[in-house]
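**Q** Before anything else, here's the structure in question.
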Amino acid sequence: MKNVKRLLSLVLMVSLVLSCTFIAVPVQSGAVKQLAQVATVVEPVEQIAKNEVVADTLLEAASYASTSTNSAAAPQSPGTQVIADKLAAEIGGKTLLAKVIDGVLSPLRAVTPVDSKEDLTLVLKKVFIEVVGGLADNIIKGIIKVFPQRDFVDYADYESKNFLHGTGAYRTAAAQNARWNVGYNSVSIIPDDVLTAPYFSAGYFNNYLGKNPITAVLDDQCFRAVAISDGSDSGIAVFVSLDGFSLSNTNVRELRSRLADFIADKNIVSLNVTTTHSHYCIDTSGLGVSLLPFVGENIMAGILGKTDELSSTNEKFMEGLFTKGAQAVKDAVNTMKPGKLYFRTTDIEDMISDKQTPIVFDPNANTLRFVPDNQGANEIWLVNAGIHPTGYDRASTEVSAEYPYAIVKYAKELVGADVAFYQGAQNEISKGGSIPMPEGSTEFDRIQAYGNQIAQRIIASTNDVEVEPYLNVTHAEIFMPIENPILMAAAKLNIINNICVNTTGKLEDALLVTEMGYAEFGSKFAIAMVPGEMTPELAWGGAKTAAESWTGKNWNYPSMEELAGRKLIVFGLTNDQIGYIMPDNDVATTLADALGGILGKDAFGENNSHYSEMLTTSRNVGSTLIKYFAAMLEDFKN
């Protein structure tokens, strides 16, 4: 009887999650028109006030860095460790009474000043959503307690493994006789039996019964590695571009473990995996698992005590990814050659659409262009843009790396460049504009044309700036609170295999272990490496004002670019996928978008839905990330 009840509870929970996910996950068309004028800079504010906000954040970061820590889990950055220790203490020390009070008061965060009947109506809608959403969250949290227990190590006992710290000492000028050295390698990871064995894609969570295996291959799915060194003793940094929906930090560390001896031998100080986020590749994340059969496997594994043996990804495919990927990294490092490095930006603003307010995004394709001294060798490009690759039907069962593949293909055909594409800050960003196409063109043709046009515009750009040969890279291991019950369920079910640590032994008090990074190339620009899908306003400013936001509060944090003090680009979905990352002042309850549908179309205003909360770790994910970022930079530069 106990197992029957467990089964019924699991079915109830899964049904709830599936129905809400189906409603909440947006369809991102490849032909969406631009909704409003692009904003690419911080909203106008007094410069003095802005500088004070930056100064306050840096001062707070400096206080973290100067504080000693006795944690057993200390990474290289003292400041980020202090933040983690503080979070662990706060979560672990919260009493049941405090949690109950928080739950009762939670809906009040949606109460904001009103000046009209319309404002009052919106506030009442928000309060209703918060109340019902809070009840739904608690129901899900209660139900998942019957899932087989997944053991997490205690926070104090956690030991970091296969984490790389970066280049060490901070450089402000090139070393004597320094030269850029860069290598490239690309390998297909599509298995030979892709059409005969059951492989599945990830991206739209629609493979509930395992009935939709891959049926065709439209282009390719690749692992591309670029190795970069400034020629000094600072070490080598490797930047991997992986065609796929996402890759967990656990699996990134598995790749590093396969290369442990090589990493030590070659002085590799940074190895990063950025996924292109194509929704049509063979599943690298576990989110394309045949969900209902997998739930049954969890029940049986829990009864037999074998939950650690479960895997939501295809083990044969993942083994191929690790094996081929490790060799690609070796080949990229072993073929490094000297040359010059240039940075260029290419205006593609008319090809991008932001479907959510505020309208903020990077309007450029950013290219780090390596020109080898050997004139017979291929140029190597790292191309970055923040645009969702979601042009096919969500029910598609055909493998495609989408427009990033087309950029790589046409750059090679047109100028012989070896290219790797790195996804940017693209939380709500999709394709925009239109490209004239002949009658009878397919969606594949349109996506190819889109990537081709980006490649041609990059080639035509003439604003190259030479990058001085010195590289600074740092990484921080960070611990993020998990409030989202859907992510809790995914973690407990092994649908995602991310590393988690206990603070009290209760699932709702666990911390998610992930990492973030930062790389400076000379004095010209920097890259923020972010472990999820981040809204552009965190990187460059322009967050909603108090009057526009869900909570009625301002976002009082500087942008990452302001903290970096130089031009910044973002490599999103790098070394992990912890979900959506956005400013705290506009985060609603987990099921806000699904519940909002009850209240009618555009319940919270046009272009103002709240689907991101479905896959957000917590209401404070934005401020927590910014605090970690500021502390990491403070430690590194000082």
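**Q** Kindly indicate whether Phe245 is under 22 Å from Leu573 (Cα atoms), under 19 Å from the mean Cα position of the chain (by Cα) and part of a strand (DSSP E or B).
**A** Here the answer is no, as Phe245 does not meet what is asked.
Yes or no, residue by residue, for (1) in contact with a helix residue (DSSP H, G or I) (Cβ under 7 Å, 6 or more places away or on another chain); (2) touching a residue at least 60 places away in the same chain (Cβ under 8 Å):
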position: Glu562; (1), (2): yes, yes
position: Arg566; (1), (2): no, no
position: Ile569; (1), (2): no, yes
position: Gln577; (1), (2): no, yes
position: Pro583; (1), (2): yes, no
position: Asp586; (1), (2): no, no
position: Ala592; (1), (2): yes, yes
position: Leu599; (1), (2): yes, yes
position: Asn607; (1), (2): no, yes
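**Q** With the structure loaded, tell me whether Glu537 is part of a strand (DSSP E or B) and either touching a Phe, Trp or Tyr at 6+ places or on another chain (Cβ under 9 Å) or of a type in the set (Val, Ile, Thr) (or both) or whether it fails that test.
**A** So Glu537 does not fit the description; no.
Here is a yes/no grid of residues against (1) free of Cβ contacts under 8 Å to residues at least 40 places away in the same chain; (2) touching an Asp or Glu at 6+ places or on another chain (Cβ under 8 Å); (3) on the phi > 0 side of the Ramachandran plot:
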| site | (1), (2), (3) |
| --- | --- |
| Thr196 | yes, no, no |
| Ile228 | no, no, no |
| Val238 | no, no, no |
| Glu254 | no, no, no |
| Ser257 | no, no, no |
| Thr275 | no, yes, no |
| Tyr280 | no, yes, no |
| Phe294 | no, no, no |
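**Q** Whether any residue in the stretch 610-629 is within 17 Å of the chain's Cα centre (by Cα), assigned to a helix (DSSP H, G or I) and of a type in the set (Phe, Trp, Tyr) is what I want to check.
**A** yes
**Q** For a quick check of your reading of the model, give me the residue pairs whose first member lies in the stretch 527-545 and is closer than 25 Å to Val467 by Cβ, whose second is modelled with pLDDT under 95 and part of a helix (DSSP H, G or I), with beta-carbon atoms closer than 9 Å and at least 6 apart or on different chains.
**A** Short answer, once both residue conditions are applied: Gly541/Lys50.
**Q** Yes or no: the stretch 449-472 includes at least one residue that is of a type in the set (D, E, K, R), in contact with a helix residue (DSSP H, G or I) (Cβ under 7 Å, 6 or more places away or on another chain) and over 27 Å from Gly166 (Cβ atoms).
**A** no
**Q** Please go through the stretch 124-153 and pick out each residue that is modelled with pLDDT under 85 and of a type in the set (A, V, I, L, M, F, W, C).
**A** Across the stretch 124-153, the qualifying residues are Ile143, Ile144, Val146, Phe147.
**Q** Go through Ile228, Ile214 for me and flag whichever is in a loop (DSSP other than H, G, I, E, B), β-branched (Val, Ile, Thr) and crowded, with 19+ Cβ neighbours inside 10 Å.
**A** Exactly one of Ile228, Ile214 is in a loop (DSSP other than H, G, I, E, B), β-branched (Val, Ile, Thr) and crowded, with 19+ Cβ neighbours inside 10 Å, namely Ile214.
**Q** Against the condition over 18 Å from Asn498 (Cβ atoms), surrounded by fewer than 15 Cβ atoms within 10 Å (Cβ to Cβ), out of contact with any Leu (no Cβ under 8 Å at 6 or more places or on another chain) and not aromatic (Phe, Trp, Tyr), how does Asn181 come out, does it pass?
**A** So Asn181 does not fit the description; no.
**Q** Of a type in the set (A, V, I, L, M, F, W, C), assigned to a strand (DSSP E or B) and within 15 Å of Ile459 (Cβ to Cβ): which single residue out of Ala420, Ala406, Ala365 fits that description?
**A** Going through Ala420, Ala406, Ala365 in turn, the sole match is Ala365.
**Q** Out of (1) outside any strand (DSSP E or B); (2) surrounded by fewer than 23 Cβ atoms within 10 Å (Cβ to Cβ); (3) of a type outside the set (Gly, Ala, Ser), what's the single condition that is false for Ile458?
**A** (2)
**Q** Looking at the structure I just gave you, is Phe239 more than 18 Å from the chain's Cα centre (by Cα) and within 21 Å of Leu382 (Cα to Cα)?
**A** The answer is no for Phe239.
**Q** Would you mind stating whether Asp602 is in a helix (DSSP H, G or I) and either of a type in the set (D, E, K, R) or under 30 Å from Ala225 (Cα atoms) (or both)?
**A** no
**Q** Would you point out the residue of the stretch 491-526, among those that are among the hydroxyl-bearing types (Ser, Thr, Tyr) and in contact with a strand residue (DSSP E or B) (Cβ under 8 Å, 6 or more places away or on another chain), that is modelled with the lowest pLDDT?
**A** For the stretch 491-526, the residue satisfying everything is Thr503.
**Q** Taking the stated definitions as given, is Ile435 without any contact (Cβ under 8 Å) to a residue 24 or more places away in the chain and either under 25 Å from Asp354 (Cβ atoms) or acidic (Asp, Glu) (or both)?
**A** yes
**Q** Ok, one more. Return yes when Asn463 is farther than 30 Å from Gly231 by Cα and either crowded, with 22+ Cβ neighbours inside 10 Å or not aromatic (Phe, Trp, Tyr) (or both) and no when it is not.
**A** Criteria not met by Asn463.
**Q** I'd like to verify a number: residues in the stretch 108-151 that are surrounded by 14 or more Cβ atoms within 10 Å (Cβ to Cβ) and either in a loop (DSSP other than H, G, I, E, B) or touching a Lys or Arg at 6+ places or on another chain (Cβ under 8 Å) (or both), how many?
**A** 10
**Q** Counting only residues that are in contact (Cβ under 8 Å) with a residue 60 or more places away in the chain and in a helix (DSSP H, G or I), how many does the stretch 309-323 have?
**A** 7
The values are calculated or read from the model by the stated rules, or taken from the named source; none is laboratory data. Computed from a predicted structure; not experimentally measured. When we count neighbours, we look across all protein chains shown, and the Cβ atoms used for this are built from the backbone with ideal geometry, even at glycine.
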